[in-house]
Structure formats: C-alpha cells, structure tokens
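*Asks:* After the structure tokens below, expect a handful of questions from me.
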Amino acid sequence: MFFLEVVFWATLGLILGSFANVLILRYGMQTLGGRSACPACTRQLRWFELIPVISYLALRGKCMTCHVRISLQYPLVELLMALFTLAIGLSPAPLAVKGIGVLIALLLIAIAVYDLYTTYMPDAWVLGFIGAAIITSIFTLGWGVFSVWFILAGPLVALPLYALWFFSDGRWMGFGDVKFALGIGWLLGIPLGYVALCFAFVIGAIVGVCILLPLQRLKALFSSGITRYAAVGEGFTMKSEVPFGPFLIIGVCICWISLLYSIPLIAILADFLSLNFSS
Ligand SMILES: [Zn+2]
C-alpha cells in the first residue's frame, strides 16, 4: 500500500513537472495546447520523447534529429516536482490539503524557474499561489481563517519586503516579491512566515556573497580600461543581478514541509541558535 502511494505521488509529480516546463516555456504565448516541438529544429516531438526524465536520459540530453543539447532545466524541474509532490503526498495532511498542495508546488516551481531566468514573477501565477494558500488554510484552520491574526498574516509578512522595495525605489526588492510574500503569510501564518523570510535572506546572502559577487568581480577584472572601472562602480545590486524569488521559495518550501509534518521548526531553530550563542 505504501509502495503504491509512493508510485502514485512520484508519477503525478513527474507529469506535473513536465507541465511546469510547458508553463515556463510558453508563458505569455497565446496557447498552452499543441504538440511540443524541438526549439532548435522545430520538429514535433513523438510520444516517447516526452516521457519525464526517462526520455532525457535515453536521448542522452540531445534532440534526435538536430542533436542540439536539451536544457538540463527539463529533467531537473521534473525531478524536483516529483520530490516535492512525494513529500506533500506522504505527509499526514488531509487529502484536500494535499490536492491543493500539489497545485501550490507546481506554481512555486514555475515561479522560481521563471524568476531565475527573467527576475520577473508572472502576476497570474502569484495570484494563483495566494488563492491556493488561502484555500489550504480554510481546510487546516476552519473558521480560524476569519480571525484578525490570519487576515493580517499576509500583509504583515509582506511588510518588510514592501519597506525594502519602497525605500530603495525597487532596486533591492522587486514588487513581484512583495505580492508573493502576501501568499507566504497566508500559507504559513505568523511567526512561520517570518522564518521563511529569514531563510530566504540568509540563503540569498550566502549564495550572493560566495558565488555571484566573486563572479561579478571576476568579470570586472577581465574587462579592460574604462569599462573596468565602470563595471566595478556599478557594483552589485539585488534587483539587477540576483532574482530573490527562488530564495523566497526555498524558504517557503522548508517551512511549509515542516508545517505539513508538524515538525517544530521554530523550537529546533531556537535550540540551535541558543546553543551556538551560549557556548
Ligand atoms: Zn532538434
């Protein structure tokens, strides 16, 4: 029985992962329908080239006719979605929460990848996330969703990001991140929503300082003459160089999975921090 559940949720995740790839690729286009084609040679793909992960491995990551490399994005998104769906499906949450939860996972992965490419979060997907977050809370909180604290959770979690956006004229933070944070508040509540923000800032800072900042410096050193100083002077800004969405979404995933499994994340973090500071 457990084995069947694993197969069911993993397969569902793989299928939704390949749907997420289609969403990301075709966002802003007229239609989601029609057969998928190779972006390099535009040949329509046959059914056996569209099996999540397996097709990528069987084709060794290349198109059958033009041999152009297929982006690693496709199998990675499918695998991530499968793991995420599996984590939601095997959790002790009610079935309704799992159903909407899978939709939330789909939106989170699509938003994260799209933001990574474009530093832009599609409004329709962010709105879908906010709506789905509120609906799952109706199932977990019942009448509790009408409490003042729940209603305020969205705006209160969005407030720090709004302040960063407002005082930097949108240079440190995009407005898409502010809107997205409303959904974080309504999905996780307070204080867990703030914990997700902390994770996002800490992970974002580590990745920014260890990977992206050295890359910028290196690029500046390699460009010559006046352009070199111009490149150094421009420096490193969060908005132009690093999309914040993927970090927010990593934070949300950690906190939300801990919520679904009733893991006392805040107590664990408090223990960890007090141990570090007192010893
Ligand atoms: Zn091709």
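The values are calculated or read from the model by the stated rules, or taken from the named source; none is laboratory data. Everything numeric in this text was worked out from a predicted model, so none of it was measured. So basically every Cβ, Gly included, is an ideal-geometry build from the backbone, and we count neighbours across all protein chains shown. These accessible areas exclude ligands, DNA and RNA; they are computed on the full protein's heavy atoms, side chains included. Shrake-Rupley method; radii C 1.70, N 1.55, O 1.52, S 1.80 Å.
*Asks:* Roughly how many Å² of Ile211 are accessible to a 1.4 Å probe, to the nearest 10?
*Replies:* Approximately 90 Å² of Ile211 is accessible to the 1.4 Å probe.
*Asks:* Give, in nm to one decimal, the length gained when the segment between Met29 and Ile266 is fully stretched (0.36 nm per residue of separation minus the Cα-Cα distance).
*Replies:* So the chain would gain 81.1 nm between Met29 and Ile266.
*Asks:* Just to be sure I understand: if I project the alpha-carbon convex hull of segment 91-183 onto a plane and average over all orientations, what area do I get in nm²?
*Replies:* 6.6 nm²
*Asks:* Same structure again: At a probe size of 1.4 Å, how large is the accessible area of Phe146, to the nearest 10 Å²?
*Replies:* The accessible area of Phe146 comes to roughly 140 Å².
*Asks:* Shifting gears a bit: Looking at segment 32-135, I'd like the Rg to Rh ratio, where Rg is from alpha-carbon atoms and Rh is Kirkwood's inverse mean 1/r.
*Replies:* 1.03
*Asks:* Turning to a different aspect of this structure: Using only the alpha carbon atoms of the chain, find the Kirkwood hydrodynamic radius as the inverse mean reciprocal pair distance, in angstroms to one decimal.
*Replies:* Result for the chain, one decimal place: 20.8 Å.
*Asks:* With a 1.4 Å probe and all protein chains kept in place, how do Lys62, Lys179, Lys98 rank by accessible area, largest first?
*Replies:* On the way: Lys62 95, Lys179 60, Lys98 25 Å².
Heavy-atom accessible area, descending, gives Lys62, Lys179, Lys98.
*Asks:* Give, rounded to the nearest 20 debye, the magnitude of the charge dipole that segment 5-84 has about its Cα centre when Lys and Arg contribute +1 at Cβ and Asp and Glu contribute -1 at Cβ.
*Replies:* So the magnitude is around 380 debye.
*Asks:* With every protein chain left in place and a probe of 1.4 Å, what is the accessible surface of Arg35, to the nearest 10 Å²?
*Replies:* Rounded to the nearest 10, that gives 130 Å².
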